[in-house]
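Presented below is the structure to which this report refers.
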Amino acid sequence: MGGSNSSTAVMSDWSPVKPVTPEVKRMCLEMKSQVEESAGVNFAVYIPVDFISTNECGINYTYVIKVDVGGETCVHVKIFQAAGGERNVQDTRYPKSNSDPLFPF
């Protein structure tokens, strides 16, 4: 179907991986209960590490954030932020290793 060419095209619309900013960290921490619900796990450790992002016309943003949840385990979190500031967790990938790269999903 789409093959690897379509994922290369999709990735080109995303930022490079960056360390979390105070704004992204705060957003991720505020969404922790939704992340836990999506992943089906309560996390004792929950430390946002780095992220990628994209936007539509500068108004709607999507973030994929790597969150350290202890040991060598992470959860990858996809958060959508609408123009009005409303946010929701669209999806999670858990468990992931600390060495797993971030990519759009």
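The values are calculated or read from the model by the stated rules, or taken from the named source; none is laboratory data. Just so it is clear, the model here is predicted, and its values are computed rather than measured. Methodologically, a virtual Cβ is constructed for each residue, glycine included, from the backbone with ideal geometry; neighbour enumeration extends over all protein chains shown. When the accessible area is computed, the model is the full protein with side chains, heavy atoms only, and any ligands, DNA or RNA have been set aside. Shrake-Rupley method; radii C 1.70, N 1.55, O 1.52, S 1.80 Å.
Look through segment 55-103, keep the residues that are of a type outside the set (A, V, I, L, M, F, W, C) and open to solvent by less than 30 Å² (accessible area, probe 1.4 Å), and return whichever of them is farthest from the chain's Cα centre (by Cα).
In the first step, residues of segment 55-103 are kept if they are of a type outside the set (A, V, I, L, M, F, W, C); the result is 55-56, 58, 60-63, 66, 68, 70-73, 76, 78, 81, 84-88, 90-101.
Those still in the list that are open to solvent by less than 30 Å² (accessible area, probe 1.4 Å) too: 62-63, 66, 70, 76, 81, 92.
Values: Thr62: 8, Tyr63: 5, Lys66: 6, Gly70: 17, His76: 5, Gln81: 12, Thr92: 8 Å.
Taking the candidates together, the pick is Gly70.
Quick one: is Ala44 more than 12 Å from Tyr94 (Cβ to Cβ) and either in contact (Cβ under 8 Å) with a residue 12 or more places away in the chain or buried (at least 16 other Cβ atoms within 10 Å of the Cβ) (or both)? Before you say what the answer is, go through the steps one by one.
On the way: more than 12 Å from Tyr94 (Cβ to Cβ): yes; either in contact (Cβ under 8 Å) with a residue 12 or more places away in the chain or buried (at least 16 other Cβ atoms within 10 Å of the Cβ) (or both): yes.
Yes, satisfied.
With respect to Val17, determine if the residue is hydrophobic (A, V, I, L, M, F, W, C), surrounded by fewer than 19 Cβ atoms within 10 Å (Cβ to Cβ), at pLDDT 95 or above and out of contact with any Phe, Trp or Tyr (no Cβ under 9 Å at 6 or more places or on another chain).
Details: hydrophobic (A, V, I, L, M, F, W, C): yes; surrounded by fewer than 19 Cβ atoms within 10 Å (Cβ to Cβ): yes; at pLDDT 95 or above: yes; out of contact with any Phe, Trp or Tyr (no Cβ under 9 Å at 6 or more places or on another chain): no.
No; evaluated as a whole, the condition is false for this residue.
What number of residues within segment 13-38 are free of Cβ contacts under 8 Å to residues at least 60 places away in the same chain and outside any loop (DSSP other than H, G, I, E, B)?
Qualifying residue count for the region: 17.
Give, as residue ranges, the strands (runs of 3 or more DSSP E) completely inside segment 39-90 that count at least 2 residues that are over 18 Å from Val17 (Cβ atoms).
Numbers: elements: 47-56, 60-68, 73-81.
Of the strands (runs of 3 or more DSSP E) lying wholly inside segment 39-90, those with at least 2 residues that are over 18 Å from Val17 (Cβ atoms) span 73-81.
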